[in-house]
1. If I filter the range 195-239 down to residues being charged (D, E, K, R) and part of a loop (DSSP other than H, G, I, E, B), which single residue comes out as farthest from the chain's Cα centre (by Cα)?
2. Would you point out which residue out of 162, 181 is out of contact with any His (no Cβ under 9 Å at 6 or more places or on another chain), at pLDDT below 95 and of a type in the set (Phe, Trp, Tyr)?
3. Mind checking whether some residue in the range 15-24 is at pLDDT below 50, crowded, with 18+ Cβ neighbours inside 10 Å and not aromatic (Phe, Trp, Tyr)?
4. Report every pair of residues separated by at least 6 positions or lying on different chains whose Cβ atoms are under 7 Å apart, first residue within the range 108-124 and buried (at least 23 other Cβ atoms within 10 Å of the Cβ), second of a type in the set (Val, Ile, Thr) and part of a helix (DSSP H, G or I).
5. List the number of the failed condition for residue 142; all other conditions in (1) surrounded by 23 or more Cβ atoms within 10 Å (Cβ to Cβ); (2) closer than 25 Å to residue 184 by Cβ; (3) out of contact with any Leu (no Cβ under 6 Å at 6 or more places or on another chain) hold.
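The values are calculated or read from the model by the stated rules, or taken from the named source; none is laboratory data. Everything numeric here is computed off the predicted structure, so don't read it as measured data. Don't worry about glycine lacking a Cβ; one is built from the backbone with ideal geometry, like all the others, and counts go over all protein chains shown.
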Amino acid sequence: MPINIQPILNVMQSILQSVGQVNNLLPPFILPSSLLPPSFIAPPIAEGILYTEMEIPVPQPPGVTGLPPFVYFDVSNLFTAVQKQKIRDSISGTLFSWSLHMGQKWNGGLNNGLSQMAACSNTYATRNLRPIWYFGTPIINGRQATEVAMDQFTQLIKDNGFRRSPRARIDWTYIPNIGSFIITTTRANTAITTTRVPLSVTVNAYQVDHPNTPVGVLIGSMLHSWLHRAGFLDPKTTSYFISECPMCVMRGYGPKLPATPDPLFYQYFD
């Protein structure tokens, strides 16, 4: 049965509050002042400090050994404190989704379980099932694609947490919607190798602040970007793994419903 992960994320958030080989080629993009809304004021930056390190705890799912206690990101100081918290929540939610898959697949030590993420992806993902670096046994369905992707997330997490990959940057951009058209939320380049890949992304501060962009949407957008860092390619449309897997997470692993067509989800992917 599908589960509602929002209560889990809420608990996780309260706990956290108390306690690529392709380098990032996406520079911070700032609109000309003439195109920014009159109310926009960039937050002040401490002299000589452009980024602040964010430390996020790594879940420790059963069956996965050698994990670091934290992952680390250099976050642009152009983000406000509230925006940084939402970015933290989106990364924590992505880590939770990975951890839930790994724990369900572990299946008490048999390591043959079908996770909710894999089951949902298996139902809907039929295209672009392998990362560009993969040349092993053919990946024939969404379940196998999910397992390869989440194993690669494990590698990305280890390389980040043990400082083996270049420092991961979260860069700032501010791009308003054009009418109802969403330009970007979180974006990243597709990595071409499996190790020492920085988890660098660019985040649109406008979308982070938008009232119609809840944390579940930000988690799906961040997970989509991490799939790029894991080697998966667009297009970001129906039936393609890089869209179907994060859409599954955004739906709480539930089935698709006619009232919420796919474009309402993947408009937040980049």
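1. Restricting to residues being charged (D, E, K, R) and part of a loop (DSSP other than H, G, I, E, B), the top hit is 196.
2. The conditions single out 181.
3. So far as the range 15-24 goes, yes, one or more of its residues are at pLDDT below 50, crowded, with 18+ Cβ neighbours inside 10 Å and not aromatic (Phe, Trp, Tyr).
4. Going by the 7 Å Cβ cut-off, the qualifying pairs are 117/146; 117/249; 118/146; 121/146.
5. All conditions are met except number (2).
A quick yes/no check of all residues on (1) among the charged types (D, E, K, R); (2) in contact with a His (Cβ under 9 Å, 6 or more places away or on another chain); (3) closer than 22 Å to residue 197 by Cβ:
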residue: 127; (1), (2), (3): yes, no, no
residue: 133; (1), (2), (3): no, no, yes
residue: 138; (1), (2), (3): no, no, no
residue: 148; (1), (2), (3): no, no, yes
